[in-house]
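S.K.: Can you keep this structure in mind? I'll have questions shortly.
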Amino acid sequence: MTNNHPTPQVPGFTAEELVSKIGFCEQLKGGVVMDVVNVEQAQIAEEAGACAVMALERVPADIRKDGGVSRASDPDMIAAIQKAVSIPVMAKVRIGHFVEAQMLESMEVDCIDESEVLTPADEEFHIEKRPFKTPFVCGCRDLGEALRRINEGAAMIRTKGEAGTGNVVEAVHHMRALMSQIRSLRGQDAEVLAKRARELRVPTELVAWVAENQKLPVPNFSAGGVATPADASLMMQLGAESVFVGSGIFKSGNPVERANAIVRSVTHYQDPSVLVEVSKGLGEPMVGINIDTLPPDQRLANRGI
Amino acid sequence: MQANKQAAPVVGVLALQGDFADHQAALAACGLRTRQIRTASQLRGIDALVLPGGESTTMLKLLEVEGLWGPLGEALQRPIPILATCAGLILLAQHVENPSHDRKGQAKGSQESYGLLPLSVARNGYGRQFHSGTFELVSETLPKGTTGTFIRAPRITAVHGPCEVIAKRGNDPVLVRTGHVLAACFHPELTIGHPVTAMFAAMVTASARDSDDVAAEAQ
């Protein structure tokens, strides 16, 4: 559990990628990455103690409401946020849209989220992420998705959850699936691991690494539906090393208070007395959506698997 | 206090945010015990202290709201070995050049810090993540070929007082020592067996031995 030391040999990663790409993601651990749509929100996030911001034009709740095709953000808006804050700035690209990623790398965005929240650009291929110098984060619902993304070069994984719903149930579902599938590999012999690797469509060495180390070879964060300090702590206690909060902060009644509270809840995720203290008088959380009421075509987590 | 004599020294690792777990693993590999520090009471009885990498603005915010700013400052004044890396170094530098303005556009003298190191630093002084990477260090003390991984690293722009420069990247000091404080712009914890963590472990062991001797003489 406590040994999160990046082991030098992770199949498919060079030593340099391990330390500088994955090393960057290690620095975000125990922190909160907040979705922001303008400079003012980015500054509120930084002041509240966010360890990074995700610059995007619309938070997932609005993407859901507005419908239509959702694409990478206006470079002007991302550049303004890069100028306004000193913490890392991340931005999203459509699944498979390697040109949007090339553009973000050229702008020196600190981390690229190849995200199911935007409308996928390629139904067959994710971005080949290794040639990029910029670290990528990708979503997953289970171990297979996580390892396929890592095999493509992702330096950080986040559970998908169901973004823009304010409902943590899917993030829990995905984190539990991931962790129990990791545990199920423990002590399995080479034949079983090779069979699992074929099923998951990833190299056997990667599955063997997870079986032996009992964790993903890259930081494992949580996203999609976190709306309260208790939600953030729940995901941390289930095994997340950090939390992305999308619509949950700036769609709530009191974003400043809520941002502060969620940052503290991640640091003190094991201390219920702190969670009680930070949860008092936070005002209205974002209005949630019950997943059962979402038609299948509006389920973002089903994209890019 | 007395009960701890002869036991392996305990290194407190500030665990508000950042790669504290990597530091714990590296320290454990050097034979040291570690304890995560999130509250003032956890600072009691530690024999050494590590301020890890992460985001310095996040750490400053949490130090303030947790009421840890004062107690940590007191712990830093004790003559125990301290290792500060990346964001940790920024927390100890006398002068932090940026951000130079707050969000309302008012000029700020310096980001708040403990001022233990007689240095000026520029946050992200080597550029954004795109410019992160592993670079060879120039040092007479460290083994030849030793490298350091710099991640959105702070850059030491001036040295104002007595400070031993142990390693440089090009012409910039990147590993310095002032009294009981060892500070690096890069991340020694990200590579197993990095000599910098070993150097710190030697400081911790020597310091624990000294305080045992003092205790023995006192008895």
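The values are calculated or read from the model by the stated rules, or taken from the named source; none is laboratory data. From a predicted model like this one, the values you see are computed outputs, not experimental measurements. Here the Cβ positions follow ideal geometry from the backbone for every residue, glycine too, while neighbour counts run over all protein chains shown. What goes into the accessible areas is simple: the full protein's heavy atoms, side chains included, and nothing from ligands, DNA or RNA. Shrake-Rupley method; radii C 1.70, N 1.55, O 1.52, S 1.80 Å.
S.K.: Only residues that are within 18 Å of A:Glu46 (Cβ to Cβ) and under 21 Å from the mean Cα position of the chain (by Cα): list them for the stretch A:74-92, please.
M.R.: Residues satisfying the conditions are A:Ile78, A:Ile81, A:Gln82, A:Val85, A:Ser86, A:Ile87, A:Pro88, A:Val89, A:Met90, A:Ala91.
S.K.: Also, quick follow-up: Can you tell me which residue within the stretch A:72-103, out of those that are of a type in the set (A, V, I, L, M, F, W, C) and part of a strand (DSSP E or B), is farthest from the other protein chains (Cβ to nearest Cβ)?
M.R.: A:Val93
S.K.: Taking the condition closer than 26 Å to B:His95 by Cα and within 14 Å of another protein chain (Cβ to nearest Cβ), does B:Pro154 pass?
M.R.: Against the criterion (closer than 26 Å to B:His95 by Cα and within 14 Å of another protein chain (Cβ to nearest Cβ)), B:Pro154 qualifies.
S.K.: Looking at (1) open to solvent by less than 20 Å² (accessible area, probe 1.4 Å); (2) touching a Pro at 6+ places or on another chain (Cβ under 7 Å); (3) within 13 Å of chain B (Cβ to nearest Cβ), find the lone condition where A:Met107 falls short.
M.R.: (1)
S.K.: Quick check: anything in the stretch A:229-252 free of Cβ contacts under 8 Å to residues at least 60 places away in the same chain, more than 22 Å from A:Ala45 (Cβ to Cβ) and within 17 Å of the chain's Cα centre (by Cα)?
M.R.: Yes, some residue in the stretch A:229-252 is free of Cβ contacts under 8 Å to residues at least 60 places away in the same chain, more than 22 Å from A:Ala45 (Cβ to Cβ) and within 17 Å of the chain's Cα centre (by Cα).
S.K.: Return a yes/no flag: does the stretch B:148-170 have any residue that is within 20 Å of A:Cys25 (Cα to Cα) and among the polar types (S, T, N, Q).
M.R.: yes
S.K.: In the stretch A:13-57, what count of residues is obtained for those that are acidic (Asp, Glu), over 20 Å from B:Ala153 (Cα atoms) and part of a helix (DSSP H, G or I)?
M.R.: Final tally of qualifying residues: 2.
S.K.: If you take the residues in the stretch A:4-56 that are surrounded by fewer than 18 Cβ atoms within 10 Å (Cβ to Cβ) and farther than 25 Å from B:Glu189 by Cβ, which one is farthest from the other protein chains (Cβ to nearest Cβ)?
M.R.: Only one residue tops the list, namely A:Asn38.
S.K.: Additional query: Can A:Val256 be described as within 14 Å of another protein chain (Cβ to nearest Cβ), farther than 18 Å from A:Val59 by Cα and among the hydrophobic types (A, V, I, L, M, F, W, C)?
M.R.: No: the conditions fail for A:Val256.
S.K.: I would also like to ask the following. Quick check: is even one residue across the stretch A:221-244 modelled with pLDDT under 95 and assigned to a helix (DSSP H, G or I)?
M.R.: no
S.K.: I've got another one for you. Just wondering, is there one or more residues in the stretch A:237-247 that are over 22 Å from A:Gly139 (Cβ atoms), of a type in the set (A, V, I, L, M) and crowded, with 24+ Cβ neighbours inside 10 Å?
M.R.: no
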